[in-house]
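Read through the structure below, which is laid out as structure tokens, and then see the notes.
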Amino acid sequence: MSEQTHWIDLPEDDLKVFIPQINAIETLYSFEEKTSLAQRCSIPFYPDAELIKLSKQSWPTTNDPLWYVRLSNGDIFNLDGSVAIIHQLNKEAPLDLNKNTVANYLKFRMYFVLENNERQLLLNDYEELNLENQSLRNKISPLIKPPIIERLAEKHDFDASGIILFNEQLYQTSFIIDEKGLTTETERMLLASPKINLNKVLPFNF
């Protein structure tokens, strides 16, 4: 995974095109160019696409932005929490999955496919948790290690394991990911219950 995602503000001419496109498909909110905050970044496993986060200037910083993937041809996918959107993206983006990109893909897949209407965050390190309590930092930091990715012998599948923050708890979790992005969870073990709210951790980054 990269050390820091490089977010770029959408330029004014791009925003003039993007905002009407979003208003045409968005059912809960209506956006205006002057009061919208929109940033984009590249996606390691979708080389012909970019991730865009959109919010309003009036929203609290703890509010989750709206998330979209935009392909190079201009098509926009609303990351609405469904796995069906991810499967569609994997076909149309298309997905470029290898040992260098699979950890990023897993992080993306876990975060943007809701489980019981909750996000899951695959952690790179404890700094992502943005913990202010030093005692809790000392307790949690030894548990957090980068994801481990292995290519399965004589197959195109990947074996992955890592630490997931879900429902304010930390889990050691294992997965099998095939070359088309189909992800199967094979094991989940509770490590700790630190009551860490996902809305208070650092913003999503690869």
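The values are calculated or read from the model by the stated rules, or taken from the named source; none is laboratory data. Note that the structure is a prediction, hence the values are computed from the model and not measured. Glycine gets a Cβ as well: all are built from the backbone with ideal geometry, and neighbour counts include every protein chain shown.
Annotations
- Subset of the stretch 124-137 that is farther than 20 Å from P65 by Cβ and aliphatic (A, V, I, L, M) - its residue that is surrounded by the most Cβ atoms within 10 Å (Cβ to Cβ): L131
- Count of the stretch 115-161 residues, restricted to those that are in contact (Cβ under 8 Å) with a residue 40 or more places away in the chain and either on the phi < 0 side of the Ramachandran plot or hydroxyl-bearing (S, T, Y) (or both), is 22.
- E118 acidic (D, E) and within 26 Å of P65 (Cα to Cα): yes
- Just one of the listed residues (S36, S2, S55) is under 21 Å from L202 (Cβ atoms), at pLDDT 95 or above and not assigned by TED's automatic domain parsing to the domain that holds S161, and it is S55.
- Residue pairs whose Cβ atoms lie under 6 Å apart, separated by 6 or more positions or on different chains, with the first residue in the stretch 42-58 and at negative phi and the second of a type in the set (V, I, T) and not in a strand (DSSP E or B), are P44/T101; F45/T101; K56/T35; Q57/T35.
- Count of residues meeting criterion [in contact with a strand residue (DSSP E or B) (Cβ under 6 Å, 6 or more places away or on another chain) and within 26 Å of T101 (Cβ to Cβ)] in the stretch 7-39: 6
- From the options I140, I76, I86, residue that is assigned by TED's automatic domain parsing to the domain that holds I25, in contact with a helix residue (DSSP H, G or I) (Cβ under 7 Å, 6 or more places away or on another chain), among the β-branched types (V, I, T) and crowded, with 19+ Cβ neighbours inside 10 Å: I86
- Scanning the stretch 98-117 for any residue that is at pLDDT below 95, hydrophobic (A, V, I, L, M, F, W, C) and surrounded by fewer than 17 Cβ atoms within 10 Å (Cβ to Cβ) turns up nothing.
- Subset of the stretch 10-28 that is at pLDDT below 95 and surrounded by 10 or more Cβ atoms within 10 Å (Cβ to Cβ) - its residue that is nearest to K56 (Cα to Cα): E26
- Condition check for N138 on (1) over 17 Å from the mean Cα position of the chain (by Cα); (2) modelled with pLDDT of 95 or more; (3) not aliphatic (A, V, I, L, M): one failure, at (2).
- Matching residues in the stretch 46-72 - criterion: being surrounded by fewer than 16 Cβ atoms within 10 Å (Cβ to Cβ) and in a loop (DSSP other than H, G, I, E, B): Q57, S58, W59, P60, T61, T62, N63, D64, S72
- Residues considered: L131, L182, L191. Of these, the only one that is among the aliphatic types (A, V, I, L, M), at pLDDT 95 or above and either over 26 Å from Q88 (Cα atoms) or in contact with a strand residue (DSSP E or B) (Cβ under 6 Å, 6 or more places away or on another chain) (or both) is L191.
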